Each structure stands twice: as structure tokens, then as C-alpha cells.
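Please read the structure below before turning to the comments.
The values are calculated or read from the model by the stated rules, or taken from the named source; none is laboratory data. Just so we're clear, the structure is a prediction, and the values are computed from it rather than from any experiment. So basically every Cβ, Gly included, is an ideal-geometry build from the backbone, and we count neighbours across all protein chains shown. Accessible surface is based on the protein model in full, side chains and every heavy atom, while ligands, DNA and RNA are left aside. Shrake-Rupley method; radii C 1.70, N 1.55, O 1.52, S 1.80 Å.
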Amino acid sequence: MNLTNISGISPAREKALNQAGIFTPADLALFFPRAYIDRRTVLRIGSLQGAGEKVTVTGTLASVRESGFGRKKRLEAVLQDETGMVKGVWFKGLSYFKKSLKQGEQVAYYGTVKRYGRYLTMAHPEVEQLSAGDENGHNTSVNEDGFTGIVPVYHGNQFFKKTYITSGLLRKWILTVLDQLSFQEFLPEPLLKQLNYPLREEALRWIHAPQSPKQHHAALERFKFEELFLFELSVVTLKRDVLEKAPGNVMAETRPATHRFFKETLPFELTEGQKSALGDIKKDIRSGKQMNRLLQGDVGSGKTIVAIGAMLMALDSGYQSVLMAPTEILAEQHYHSLSRWLNPLGVNVRLLVGNQKKALRDDLLSDIAGGTAHIVVGTHAIIQESIRFHRLGMAIIDEQHRFGVSQRALLREKGDRPHILVMSATPIPRSLAMTLYSDLDVSIIRDLPPGRKPIITRVVREADRPKVYRFIEEQLQDGGQVYIVYPLIEESEAMDLKNATEGFRQISAEFPDHRTGLLHGRMTATEKESIMRDFSSNRIRILVSTTVIEVGVDVPNASIMVVEHAERFGLSQLHQLRGRTGRGQRQSYCLLMAGVKQSKEARSRLGTMEETTDGFKIAEADLKLRGPGDFLGTRQSGLPEFRYADLLNDQFLLEVAKENAVKLLQTDPDLQSPELNALRRVFIPYLREKKKFFRMS
Ligand code: ADP
Ligand code: MG
């Protein structure tokens, strides 16, 4: 059966369906309603209380008109039956509803009624056309043959690029498909029984023609579970077959360098989190298998020390390491602090970035190939170019959220398959971590080094600027240092530069007694390096910068972060920026300069920043504001896109899926038993796709 075999699907409509990812009748059955109208009890309008009850009413549209201006603009469509009137009100999608709601038409409203003065109103009710056929003039009898139950509403005409595919037509087609096709079950029967889920075929009926909200709910949960279960089966299988079998270099030598670093060089005690992360790494690198570990810890939690520890362990066993950073500035900084700490131990640390002089570079490459360069710090140029190592044993990616899954995969396969450690300060909720990093084990640093004082954060206005400057002056007098950051506007790098450059001029004039520096992405590596060096050593007191300092930069004496146009930054970005301060013993401050014009979201972001310094809470808030896709950048991050499940709201179901996936694979590791034939047939191609994605073979 093809789509066009279904009465009413013309080639043009077939094309529109294809564009929405519907290619077969079975796909059509998997196109779920976007809402339901409960028509089991249609009420008389005269009987409504208007106390917020959820109801369905039917009648004729007595009037449709726009009213109000600007932000208050809305569409009002009054529905009338023999007993009274109720006003439907729309604040969004006005032009669409203006076209689709016509005076004189018979419609049903489904939604929450409230009484305002004399009027009963429903804000954004679901609307069901009762009399209209499709706009080509054919009547769709489906609407008229007395749907009296819970009626599904599908994405209609707009969604399908104006090919006059209405919700009513879809309903008719889908019911036809359900009558003619059978849908094979592939989840194991005992599992369905245990979870009390309907069979696939039955579940589809419950989705498209539910007898009760309860049925619909059970069916939807079953489909969510189905995709989460497949996903978890793949996670467990990949870990077991690919990662855990990947051989790795054994690093178990006794450790002169590691020992001296931790016992003699390091001026402070490790935190519990740092110790346990180092313990995890040690276990990994002695196991004979390749390490694939994520180190998560809030900004300032001291991940760099852990990275150093890992690289020294490699060195003690005769291996080279790389430490990769997303920006040149961060690479430079790591290079300097590593050199300072490790050169006295006889460790040769080298820096590899773009645009280095040829002679230097040649020398560098030959040291790397010859093995005399022990630790190579650099930008992602390290993996992109074909640089040959003598014996690469450890590869570390800092601020890994700036890199994609594929870069991690590239590293994994480099040279002698080095151990991989990726570090991130974006503390994401567990369910997301599980999905996003399903090719990694995770260590988490939960504590901060002792003595840190929470950073005091305030949103300030342009009118407060003189006060802000006075405060800066006080801090400078007291020996502190200041960052002033301007936003990066993607469309116009030139604009940013202008902002930062102008800010620099203004600040230099404002604080003539203190040296001010300017830092931006267009400077050469040498220029950037010299500015950062002067800021680190407190010769430069105020650093005016674009967002190039967003990640990783560590100058513990800096105690104020001023963010200009703070309303333009995302939450995670603000948290990262703020994290440039509060790294030492000083009480630190983050001042968010906000313009007058702010969206509701911007206000909420700035409010969150004032309320909390907990990176985890901030990440959750950010995730809620932006959704998982934007939060992580779906494409680059490799976040799986679930069709029915939602990682934010279905975390519990994800746990259930994981538990059951683990259990099943324990009893039948390759899904060999005949009862699992159907599952296996679905799972094999699914797993193949996943492997492709994580570039595992
Ligand atoms: P992040 O996790 O953000 O990369 P860093 O590694 O840059 O953090 O460390 C932040 C600062 O804290 C650095 O100045 C570092 O020297 C210092 N630090 C790290 N660990 C400790 C510790 N255990 N005790 C005291 N200070 C520490
Ligand atoms: Mg860091």
C-alpha cells in the first residue's frame, strides 16, 4: 500500500507529506496528534461557571475581530449557542487564526473558561471545525459522522505548506491505515506486561482514537518508552562491545614525576573531588583498556590539576600527552602555568598553535615526533593537522562543550589509541549527560577548593555607571583587578571590536592612574600573549575584552567582572564569564550592566545570575529556557533527537528504560533468543546508525 492508494492523497499532497517525513502509510500512523478535544461532554454555554473549568462547547462563530494595539493586540472570536456566548482570545498566531476562523462557521472550542466581568472567555482554545470540508470544496464526512469522543487534532494545513491537508483529512487517512495495516509488536511481551503497556497496534488506536484520557496517556508513554529503550540498549551495547573492548596502553610504572609534583610542587592540598577523579583515571589507565572519561566540575573547581596529574602519569610510563583548548588564549595560559610548574621537574612542555614561525614550528614538530616534547599544549590544530607523535598516550580536551562528538572520535583513533580525558564545566542534568556522553565514563568534582567566597552578583543600569566606576576604583586601590567584557555579536565582528575598543578608550580615560589593556580575537597570538601576561602579573589592572576570555582563563587576583550589555548573553556564557573571578582569596563581584530594553527571558536570565552561583542550577535554568537542542547545539553535540520522549520531562522513564535494557542484555547479551527476533530486527539497524554517529566500528 502506497500513500497515494489512500483516497484523498493526491501526488501533490503526497509530496507535502514526504516533506514532513511521512513516506509510507505506516509513517502516517506514527504521526501523532498535537492535541485532543474532549467532546464527550459538550456543555451548554449558559451552564458554564467561568471558574477555570476545562470544557468543550460548540456553536456558531458570531464575530471574529482584532482588537487592541501593539503588545496588547489580540484576536477575539465569539462563539454562540442557543444559551449564551463565550469569547475565544488569541494573542499569538493572529494572522493564522484570522484566516482560519470565519464568521458563521460551526466550530467547537476546547479549553479553560474564565469569567471576566460579564464575559466568559477562553484563551487559546483548541478549535475544531465542525462543518467545513477541506478548502478544495470536498466535504470530509469524517467531521460530520458524529465524532463524539476524544477527538485528535493534527498539525494541519500550515504545517503541510498550504496543501490543504487539514486535521480532519489526516484523521480520516490515519483511521484507514489503522484498519488496513497491522503493526507488529517488537518489545518483549513480559516487559510490556510488567509495565502495563498496550501492544503496539492497540497503542496506535489509543493514540488516534482514544476512549479515555487514560488510554491516550498509557499509549503515549509506551511509545516514549519504546524509543528510550532502544536508545538505552544501544548505549549499553556500544559501551560493552566498542569501548570496553578497546585495548589501551597500560600505565603502571612507579612515578617519579607524578610523585614530585603532588608532594613537592603543588602549593595546596587536593580537594576530595580532585582526588577521586585522579583515582578513577589511575584505575582506567592500568586496566589495559582505553580510557574514555569525562571530567565534570564547575568553573573554578580545579580541573587543570587533574589534567596535569593524568599527563604526568602518562609521562612516568614513557608516554607523551596533549592538552587541547578551544581558544589560543586558553592554550597559552595552560602552556605558561604548566611550564612554570613542570619545567623544574624536567618535563618538556611545548605550545602548538596556528601561525607560529616556520623555524619554531619545524623544531617543534621534530621534537614531537622524536619524543623529547613530553606534553604538547595547543588548540584543536593538534588533531586537525597530521602531526606525528613518538608515543602519544594521553589526550585531554579542555572545555569539551566547545568541541563536537566527531573531534572526540578523531582523537580516540589517533596514533596508538591514547587514553582520552575530556573536561567540561557545563554541569548538565544526569539524563542529558547519559545520552550525550554515552561513549564516556563520568567523574564529577562536586567541591570547590577551600576558602572560596561566593561571588556577589548584581544587575546594574546605565544610571549606576558612576557608582560602578567608584567601586572599581576602590577595588583597584585595594590591589584587585578588573575584567570588562563586551558581547560578541555574531553578525558583526567589526561592531564588537568597536564596542570593546571604544570601551577601552573610555576606561583608560576614566582610570588614568591604572594601566588598562585591550584584548580581542583579531590580535596576533603574540599580542594576546603579552597582554595576558601583563594582566596575570598585575601590571595591567583593568582588562577590557571581547568574549575571547570566556572560558578557562585563570587570574586568581581578579576580583571584578563587569559584563556590558549583559542582556545579550546566554546563561551559561554569563556563568563562565563570572567564573573568571572568585578564583582566589578575594571577595569577588560580578556586575551585569543591562540595557533598558530587555526581553522577559533576558530578565529571567539576569535574575537567575543574581540568585545563584551554583553551576548546576544555572545549567538547569538555561536548559529550561532554551530546551535541550539549543542548550547543547543538537547537531554538534550529538544529542539524540527523540520523537515522542522529552529528555527534560521524561527523566524517570529514561531511568526505567535503562534499568530494563541492562537487565535484558544481562540475560541475553546479543538478543539471541527467538522471542526477541522482532526486537533484534529493529535494533540492528538502529545500532548501526548510532555507531556511525559516534564513529565506532
Ligand atoms: P577549572 O576547573 O575552572 O578549570 P582551574 O583548574 O583553572 O579551574 O583552577 C582554578 C584555580 O583554583 C586555579 O588558580 C588553581 O590553581 C586553583 N586550585 C585548583 N585546585 C586547588 C586546590 N585543591 N586548592 C586550592 N586552589 C586550587
Ligand atoms: Mg579550566
Subset of LYS114/LYS224; LYS658/LYS690; LYS99/LYS624; LYS303/LYS453; LYS283/LYS303 violating a 24 Å alpha-carbon distance limit: LYS114/LYS224; LYS99/LYS624
P(r) histogram, all alpha-carbon pairs of the stretch 492-586 included - 10 Å bins from 0, percent: 15, 49, 34, 2
Helix runs (DSSP H) in the chain reaching 15 Å along axis by Cα, Kyte-Doolittle at least -1.0: 167-180, 213-238, 303-316, 328-342, 358-370, 493-510, 525-536, 615-632, 651-667, 677-694
Fully extended contour minus Cα-Cα distance, from TYR686 to GLU66, at 0.36 nm per residue: 218.2 nm
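Using C-alpha positions alone, give me the convex hull volume of the stretch 2-131 per residue in cubic angstrom.
145 Å³
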Highest-first arrangement of 301-314, 355-368, 280-293, where packing means the average Cβ count within 10 Å: 301-314, 280-293, 355-368
All-pairs Cα distance distribution in the chain, expressed in whole percent, bin size 10 Å: 3, 12, 18, 19, 18, 15, 10, 4, 1, 0
Surface accessible to a 1.4 Å probe, HIS390 within the full protein complex, Å²: 110 Å²
Full-extension gain in nm, SER537 to ARG461, via 0.36 nm per residue minus C-alpha separation: 24.2 nm
Whichever aspartates and glutamates have a C-alpha closer than 17 Å to that of LYS282, once near sequence neighbours (fewer than 8 apart) are set aside: GLU244, GLU253, GLU272, ASP316, ASP441
Net charge of Cβ neighbours under 14 Å - reference GLU53; Lys, Arg +1; Asp, Glu -1: +3
Tail beyond 12 Å, pair distance distribution of the stretch 6-47 (Cα, percent): 71 percent
Efficiency of FRET from Cβ geometry, ARG40 and GLU413, R₀ 56 Å, rounded to 0.05: 0.40
Anchor LYS15: lysines whose Cα lies under 20 Å away (excluding residues fewer than 8 positions away in-chain): LYS161, LYS162, LYS172
For the chain, size of Cβ-based charge dipole, Lys and Arg +1, Asp and Glu -1, in debye: 700 debye
Neighbour-limited loop hits for chymotrypsin sites (Phe, Trp or Tyr not before Pro), the stretch 74-122 (at most 14 other Cβ within 10 Å; DSSP other than H, G, I, E, B): PHE91
Antiparallel DSSP beta bridges within the chain, percent to nearest 5: 40 percent
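Rounded to the nearest 500, what is the 222 nm mean residue ellipticity of the chain from helices alone, with -39500 (n - 2.57) per DSSP H run of 4+ residues and division by all residues?
Only helices count here, giving -12500 deg cm²/dmol.
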Accessible-area order (highest first, 1.4 angstrom probe) of the listed residues THR608, THR41: THR41, THR608
Accessible-area composition of the chain, carbon plus sulfur, in percent [1.4 Å probe]: 51 percent
Probe 1.4 Å, protein heavy atoms only - accessible area per residue of the chain in square angstrom: 46 Å²
Computed E for ARG515/ARG446 - FRET, C-beta separation, R0 56 angstrom, nearest 0.05: 0.90
Rounded to whole Hz, the Karplus (6.51, -1.76, 1.60) HN-Hα couplings of the stretch 59-67, x for glycine and proline: x, 10, 6, 7, 7, 9, 8, 8, 8
Size of charge dipole - the stretch 9-59 - debye, nearest 20, with Cβ of Lys, Arg +1 and Asp, Glu -1, no other charges: 140 debye
Cβ-based charge dipole, the chain, positive-most Cα from ILE549, THR613, VAL485: VAL485
